[in-house]
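The values are calculated or read from the model by the stated rules, or taken from the named source; none is laboratory data. None of the values given here were measured: they were computed from a predicted structure. Virtual Cβ from ideal backbone geometry, glycine too; neighbours counted across all protein chains shown. Remember, those area values only see protein heavy atoms, side chains included, never the ligands or the DNA or RNA. Shrake-Rupley method; radii C 1.70, N 1.55, O 1.52, S 1.80 Å.
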Amino acid sequence: MQPIHFDIFEPMLSKFKKHLEEQFPKTLTRKILLAVSGGVDSVVLAHLCRQAGLDIALAHCNFNLRGEESEGDESFVLELADALETEIFIEGFETEAYAAGKKISIQMAARELRYNWFRELRETLQFDYIFTAHHANDNLETVLINLIRGTGLEGLTGIPDVNDCVIRPLLPFSREEIEKYARGQELQWREDSSNASTKYFRNKVRLEVIPTLLEMNPQLLESFAKTRSHLQQSSQLIEDYVSVIFPKVAKQEEYGYSFKVKLLQALPSTKAVMYELFKSFGFTEWEDVHGLLESQPGKIVYSKTHRLIRGREDLLLTVISPLEDKIYTIKEDEEVVMLPMGTFQFEPAEELEKSDATVIFLDRDKLQFPLTVRKWQQGDHFYPFGMKGKKKISKFFKDEKLSLPQKENCWLLCSGQDIVWVINYRADARFAVEDSTQEILRLSYTP
């Protein structure tokens, strides 16, 4: 998004309307849910939206963290809604209990509760967008916090102007402009006493770090806006580059994606490209991720939601899911059976036909019903059709050069304790059609 240039003498309402018309024209005729805490930022945003003629409703979260002060905020926002003649929604939360239950900070808990509720309201009551009152100073604080804690390019671009259905139309405006407007309009607002405490990291940055930086450069916010615009353009350039690279190095598989190691190694700035490729999957141990390119097959790096496995020639990306230990049954005389892994179709055959990975022919009299379908287990063995003797499933997988995800997603069709079919790979010779077979059963499988 390009930086917004305003005439410094232009009234804030005019600037606000101009910003919406240029950047968010659809919001002018859509339903808006506006997050209002009662602080000066959200009060000003509510007044600007009302004067701009937007169709708004207010939403206020009572996090029950400041006793009577929280109740006072709620009462104030109710009065604000009356004054603006607009609908309001209020929800109370047991924030401390939620934070303790999820083992996260109070600030993170409040954020999760707030946005979950906003999105629920939006979907239920069919609002088109959610407005929040983040402004230029909030953006600077966020970037400084990210910088202090360590971040990539994305963290240096600050708060996004748009995130899905959430829009932040005050980001071009400073806290000084907002407060000046509020005083000029003789607006009332609530002060959050916790904002004065430096025990919170964000407040410490706001109250101690930024004032010092402003002393060194009074035009800090303007400089920051320009720098942020440059960084956003660089970020977009990288995103475009990765979107071109991705289909060249990645292949979609049944279990996720595979990435050719040699192709990754041949890319300029491989480490940076891998960061961009895998950051959205939650990985943080980037040295380990990059190290997979030179590691032995079988090495795994985990994020909270995904894992990256070093295969023989690929990196295999899969979702972390609980092991599937459920056993499914197929009763006698069932012709079509639909199970989570695919569909089985049983039909009589007069003679043998050509079989493949998805079709096998069985001697019906050798089967013991009900048949079962389950995942393979260590120690499983079978008698592969076309081979002599028995073989462990694990050894069969190794010979077939199956990857770990392929092994994990392999199912077995069983008759009693015996394996009838390593589905999609090899049938068991013990159930094969012979000269003495009286009834041939054709079994096809569709994933």
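With respect to the cross-link table entries LYS271/LYS299; LYS26/LYS279; LYS199/LYS279; LYS102/LYS251; LYS251/LYS398; LYS279/LYS395, which display a Cα-Cα separation exceeding 29 Å? Numbers along the way, then the final one.
Values: LYS271/LYS299 18 Å; LYS26/LYS279 31 Å; LYS199/LYS279 31 Å; LYS102/LYS251 36 Å; LYS251/LYS398 22 Å; LYS279/LYS395 35 Å.
Pairs exceeding 29 Å: LYS26/LYS279; LYS199/LYS279; LYS102/LYS251; LYS279/LYS395.
Treating the beta-carbon of each Lys and Arg as +1 and of each Asp and Glu as -1, no other charges, what is the dipole magnitude of the chain about its Cα centre, to the nearest 20 debye?
Numbers: 55 positive and 69 negative charges, 373 e Å.
Around 1800 debye, computed over the chain.
Suppose the Debye formula is applied to equal point scatterers at every Cα of the range 275-366; what is log10 I(q)/I(0) at q = 0.25 Å⁻¹?
-1.30
Rounded to a whole number of µm²/s, how large is the Stokes-Einstein D of the range 1-145 at 10 °C and 1.306 mPa s, given Rh as the Kirkwood radius over C-alpha pairs? Before the final figure, lay out each step's value.
Working: Rh = 16.6 Å.
Estimated diffusion coefficient is 96 µm²/s.
Of all the C-alpha pairs in the chain, what % are more than 40 Å from each other? Don't skip to the answer; put the middle values down first.
Numbers: 43950 of 99681 pairs.
In whole percent, the share of Cα-Cα pairs in the chain beyond 40 Å is 44.
For the range 223-263, report the convex hull volume of the alpha-carbon atoms normalised per residue, in Å³, without decimals. Let's see the in-between values first.
Working: hull volume 3.6 nm³, N = 41.
In the range 223-263, the Cα hull volume divided by residue count equals 87 Å³.
Mind checking the per residue accessible area of the chain for me, 1.4 Å probe, whole number of Å²?
Details: 25190 Å² over 447 residues.
So the chain comes to 56 Å² accessible per residue, rounded to a whole number.
Given 0.36 nm per residue, what is the gain on full extension from LYS260 to VAL337 after removing their alpha carbon distance, in nm? Write out the running numbers ahead of the final one.
Numbers: separation 77, 0.36 × 77 = 27.72 nm, distance 3.68 nm.
So the chain would gain 24.0 nm between LYS260 and VAL337.
How do 377-386, 271-280 rank on mean C-beta neighbours within 10 Å, highest first? List each step's numbers first, then the result.
On the way: 377-386: 14.5, 271-280: 17.4.
Going by the mean number of other Cβ atoms within 10 Å, highest first, we get 271-280, 377-386.
Relative to the compact globular guide of 2.2 N^0.38 Å, what is the alpha carbon radius of gyration of the range 184-341, as a ratio? Present the calculation step by step, with values, prior to reporting the outcome.
Values: Rg = 25.2 Å, N = 158, 2.2 N^0.38 = 15.1 Å.
Taking N as the residue count of the range 184-341, the ratio is 1.67.
Are there any helices in the chain, counted as whole DSSP H runs, that stretch 15 Å or more along their axis by Cα and score at least 0.5 on average by Kyte-Doolittle, and if so which?
On the way: long enough: 12-23 (16 Å, -1.16); 40-51 (16 Å, 0.75); 68-84 (24 Å, -0.26); 106-125 (28 Å, -0.71); 136-149 (20 Å, 0.26); 220-249 (42 Å, 0.00).
Helices passing the filter in the chain: 40-51.
Would you compute, from DSSP H runs of 4+ residues alone, the mean residue ellipticity of the chain at 222 nm, taking -39500 (n - 2.57) per run and dividing by the full residue count, rounded to the nearest 500?
Values: 16 runs with 172 residues, N = 447.
For the chain, the value works out to -11500 deg cm²/dmol.
Å³ per residue of the Cα convex hull, for the range 70-190?
Details: hull volume 17.4 nm³, N = 121.
Expressed per residue, the convex hull around the Cα atoms of the range 70-190 is 143 Å³.
Under Stokes-Einstein, with the Kirkwood radius over Cα pairs standing in for Rh, what whole-number D in µm²/s applies to the range 395-435 at 4 °C and 1.567 mPa s?
On the way: Rh = 11.3 Å.
In µm²/s, the coefficient is 115.
Using Cα pairs closer than 8 Å and at least 6 residues apart in sequence, work out the relative contact order for the chain, in percent. Could you put the intermediate results ahead of the total?
Values: 636 pairs, mean separation 47.4, N = 447.
Computed over the chain, the figure is 11 percent.
Between the range 174-244 and the range 414-442, what is the C-alpha centre distance in whole Å?
Answer, in whole Å: 70.
State, to one decimal in nm², a quarter of the convex hull surface area for the C-alpha atoms of the range 347-417, i.e. the direction-averaged projected area.
Numbers: hull surface 23.4 nm².
Reported value for the Cα convex hull: 5.8 nm².
Take the alpha carbon atoms of the range 280-314, find their center, do the same for the range 323-391, and report the distance between the two centers in whole angstrom.
Distance between centres, Cα-based: 35 Å.
Which number do you get for Rg(Cα) / (2.2 N^0.38 Å) in the range 158-232? Don't jump to the answer; show the numbers that get you there.
Values: Rg = 14.6 Å, N = 75, 2.2 N^0.38 = 11.3 Å.
Here the Cα radius of gyration is 1.29 times the empirical estimate.
Report the one residue of ILE88, SER42, PHE396 whose Cα lies farthest in the direction of the positive end of the charge dipole of the chain (charges on C-beta: Lys and Arg +1, Asp and Glu -1; origin at the Cα centre).
After comparing all options, I get PHE396.
Could you order LEU362, LEU263 so the one with the most accessible surface comes first? Probe is 1.4 Å. Don't skip to the answer; put the middle values down first.
On the way: LEU362 0, LEU263 80 Å².
Final ranking, largest accessible area leading: LEU263, LEU362.
Pull up the DSSP beta bridges for the chain and report the antiparallel fraction as a percent, rounded to 5. It would help to have the intermediate numbers written out before the result.
Numbers: 52 of 67 bridges.
Rounded to the nearest five, the antiparallel share is 80 percent.
Would you work out what percent of the accessible area of the chain, with all protein chains in place, is carbon or sulfur (probe 1.4 Å)? Intermediate results must be reported in sequence, preceding the final value.
On the way: 12350 of 25190 Å².
Ligands and nucleic acids excluded, carbon and sulfur give 49 percent.
Treating the beta-carbon of each Lys and Arg as +1 and of each Asp and Glu as -1, no other charges, what is the dipole magnitude of the range 313-374 about its Cα centre, to the nearest 20 debye? Intermediate values should be presented prior to the final figure.
Working: 6 positive and 15 negative charges, 68 e Å.
Computed charge dipole of the range 313-374: roughly 320 debye.
Could you rank GLU351, GLU408, GLU434 by how accessible they are, 1.4 Å probe, largest area first? Walk me through the intermediate numbers first.
Numbers: GLU351 125, GLU408 60, GLU434 100 Å².
Solvent-accessible surface, decreasing: GLU351, GLU434, GLU408.
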